[in-house]
Structures are given as C-alpha cells and as structure tokens.
Amino acid sequence: MQSTSQFNQAQFNQAQSNQAQLDHARLRWMTLGASEPSADDGSEIIQGLSQTPKTLPCRYFYDDLGSALFEKICDLPEYYPTRTEQGLLETYAAEVAALTGSCELVELGSGSSRKTRLILDAYSQLDDHLQYCPIDVSAGILKITALDLLDQYPTLRLCGLAGTYEQALAKLPRTTPKNRMLIFLGSTLGNLNDAECHNFLDLIQTALQPGEFFLLGVDLQKPAAILEAAYNDAQGVTAAFNLNILTHLNRRFQGNFDLSKFEHWAFYRADAAAGLSQIEMHLRSLQAQTVSLEALNFEVALEAGETLRTEISRKFHLPTLTEMLENHAIAPLKTWTDPKSWFALLLCQRQCTPGVDCP
Ligand code: AVI
C-alpha cells in the first residue's frame, strides 16, 4: 500500500491551515508528479473490475475515513502486527542504529509517527544533525508529521516528499554524504503481489548505493485462526474499513455502489504449490446487481455471491523473503523477531552488483 497513514479530519484541516508555516528553516518540501498523468484517473479500477476474479486497488481504502479506520485497526486486540512491530522497534532500534552508524533516514509511507519516533530517538543518540525524509502520497498528512517532528526534534532537518514511492525514489535528492537508510515498516510489502513486489525492490535497489541500508518490517506466516481473527475483528472495524472503499469510489468517481448489498469477507489462502500465503479481503455481492461509475463511463455486472478482491496481505516465510531480497542485491544483515515469531524486522544492506556497481 501507498500509505496515506493514520490521521483524522481535524488533523488534516490543521495541516491545511499550517501551509503558511511550511517555509520552516529546517524543512525542505517537494510535491512530485503534479505535471504527470494522474495515477488516480480510474483506469486501474476499470481494469480490475473487468478481469476475473474482479479486484479493486487497495490504495482506495485510504480516504480520510479509511485512514482513521486503519488507525483504529492498529489498536484492535486481534490486530497484532502494529504492536508487535512497535515492540521490536522499542527493543532493537538502538541496535539498528549502532549497526548502521549515522544515516540519512528515508521512510516510505511515513505512517503514524509513533514508530518513526523510536527510530529518530535511536539515531539522535548518534547524530546531532539528523536528516529525515518522509515520503507519502498524502501531502496534508505529511505536513502534520513534518511540523510536529520539527517541533519535537530541535536540530532535525526534514525533507518531505509528497508523491508515490516511484516518483519519490526516482527523484530523492542526495543532500548529505552520509549513508542512506530506506525504511519500510508495517508489512506494507505484503500488500504487493509478486510483480509489484519485484518492481518495488528494483526501485529500492536503484535508490541505494552499495553498502547502504534498508530497514523492513514484515508479517510472518502463522496459524490461520490467528491471521483470520486479525482481519475479522469482533467490533467490525475491518469490515467497515473494507466497505468504505465503495464509499470512496462513489464519491471519487460518481458511483452508485450500495453498501448494504455487499459484505466483508476475509480469509487466509495458503497454497504451497502456488507459492501463496496471504490474507485476502473481498467484498461479496449479496445479490445480482449492476453498478455504475459515472465519471468513468463504466458499468459492472455482479452475480449474487460474486466477490471483489480489495486486498492481499502476504504473510512471509523468512528464507523465501531473503532469497527475494538477495535477487535484488539487498542482503539481510540482521533479523529480529518477537518471541512468538509473528513479525520480523530486517536490517538489510545493499550489495554491489558485479559488472554494474563493482568490478
Ligand atoms: C497496511 N497493511 C499492511 C494492512 C495489512 O494488514 O495488510 C492493511 C489492513 N487491511 C486490513 N487490516 C489492515
């Protein structure tokens, strides 16, 4: 997922009114891709709804309400990933910093700054002039985080990049001779399919020089009952989050999805032969219906019981993940897991590629 992170409407409004403060002396700001064709032109939606099985891009979860619902999910008793990763960072962030030494920190999908602060605190011990570059598609959210962090860390220099990972990684300025560390937490890697994952790791490989670092948080394979509970919480927050994608599409593309005609469905698909180990979230059509998205001049017919897949959330097997990273010249230096081995934090280092960036 391209995280739009976890903020509510009030914080978003505050960010808008904080616009004037953006000329802060320690802040550099870049809005990327304003002149490029929008990734939000609806073509991916038409494509997803025209294929079998039908799919929707999971980034449409994250309008303001979706982001607030995701924040709630992170605190649910059944949703263990956020608190488990946070525990790993509380315990090991200082060790990560000691292993890499002082670095320029670049966070992809900067998300809630709760986890970021643990990393900044650890690197502040090594460096009086920390440089932190958060990247997020939501400029409003990024501004809130930026101004908040600049307040809290009096010597921090911050470089906010509002845009997609692709845009930001391609244009990331080198402003310091320090090593770079790219940070990608929350197991958002799991929301990418194989091809997307491959493209994403290509970008990481290109954005790092040999010897530089990649800090990655991933959710691991575990019994189906634990996984399915995490995506079918008792309070129904995940169901509301899933259904909200339809509200977002209705607003964004003048659609007429009727939420009462869909139900949330999440299950774990483990198929060793197909190399699949993933939670799938779907919306099941409760009756035969035709839905239109007027702004896209598009109609889709759904059968009773047919589903729209809204998200995959892959659950990783560490040796397989290591192989995939190594295929992109990114080698894990050290991996930490929690006592139940539910979640992993990997500190990786960019290797040189013979013939490309080393002899
Ligand atoms: C953002 N992403 C890593 C979450 C996940 O677990 O795949 C999104 C989510 N979907 C349902 N609950 C949480």
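Derivation of every value follows stated rules applied to the coordinates shown; laboratory data play no part. Keep in mind that this is a model prediction, so the values were computed, not measured. Using ideal geometry, Cβ is built from the backbone for each residue, glycine included, and neighbour counts are taken over all protein chains shown.
Taking only the Cα atoms of the range 236-279, the radius of gyration and Dmax are 14.3, 41 Å. The separation of the range 281-359 from the range 161-188, counted between C-alpha centres, amounts to 19 Å. Of the GluC sites (Glu not before Pro) found in the range 265-303, those in coil by DSSP whose Cβ has at most 12 other Cβ atoms within 10 Å are GLU303. Counted by Cβ distance under 12 Å from LEU220, the other residues give a net charge of +1, where Lys and Arg count +1 and Asp and Glu count -1.
Footprinting exposure proxy ranking of MET30, MET281, fewest other C-beta atoms within 10 angstrom first, gives MET30, MET281. Label positions at ALA225 and ASP75, each projected 7 Å from the Cα along the C-beta direction, are separated by 2.9 nm.
Taking the number of Cβ atoms within 10 Å of each Cβ as an exposure proxy, the fewest-first ranking of THR290, THR247 is THR290, THR247.
Over all pairs of different C-alpha atoms, the range 112-247 has a mean inverse distance whose reciprocal, the Kirkwood radius, equals 17.3 Å. Counting only DSSP H runs of at least 4 residues, each contributing -39500 (n - 2.57), and dividing by the residue count of the chain, the helix-based mean residue ellipticity at 222 nm comes to -11000 deg cm²/dmol. So if I take the centroid of the Cα atoms in the range 239-253 and the same for the range 136-160, what is the distance between those two points in Å? Between the Cα centres of the range 239-253 and the range 136-160 lies a distance of 28 Å.
Model label points for GLN125 and THR353, set 7 angstrom from Cα along the Cα-to-Cβ axis, are 3.6 nm apart.
Translational diffusion of the range 157-198, estimated by Stokes-Einstein from the Kirkwood radius over alpha carbon pairs at 37 °C in a medium of 0.692 mPa s, is 262 µm² per second. The alpha-carbon of LYS315 sits under 23 angstrom from the alpha-carbons of these lysines, leaving out residues fewer than 8 places away in its chain: LYS54, LYS72, LYS115, LYS222, LYS334, LYS340. Note on ALA272 and HIS198: their simple-model spin labels are 2.4 nm apart, each label 7 Å out from Cα toward Cβ.
Across the range 285-359 the C-alpha pair distances fall into 10 Å bins from zero in the proportions 14, 26, 16, 14, 25, 5, 0 percent. Entry for the range 73-113 at q = 0.14 Å⁻¹: log10 I(q)/I(0) = -0.43, Debye formula applied to identical alpha-carbon scatterers, no solvent contribution. Annotation: extensible slack from ARG114 through LEU286 equals 58.0 nm (criterion: 0.36 nm per residue apart, minus Cα-Cα distance).
As an equivalent ellipsoid, the range 102-143 spans semi-axes of 20, 10, 8 angstrom, where each value is the square root of five times an eigenvalue of the C-alpha gyration tensor, largest first. How large is log10 of I(q)/I(0) for the range 218-327 at q = 0.21 Å⁻¹ when the intensity is taken from the Debye formula with one equal scatterer per alpha-carbon? At q = 0.21 Å⁻¹ the computed log10 ratios are -1.08. Taking other residues whose beta carbon is less than 13 angstrom from the beta carbon of LEU172, and scoring Lys, Arg as +1 and Asp, Glu as -1, yields 0.
DSSP finds beta bridges in the chain, and of those with both partners inside it, around 60 percent are antiparallel. Applying the Kirkwood pairwise sum to the alpha-carbon positions of the range 46-134 produces a hydrodynamic radius of 15.6 angstrom.
For the chain, CYS58, CYS74, CYS103, CYS197, CYS348 stand unpaired, since no other cysteine beta carbon lies under 4.7 Å from theirs. Set against the 2.2 N^0.38 Å expectation for a compact globular protein, the range 100-176 has a Cα radius of gyration ratio of 1.03. Calculated on the Cα set of the chain, radius of gyration then Dmax: 20.5, 62 Å.
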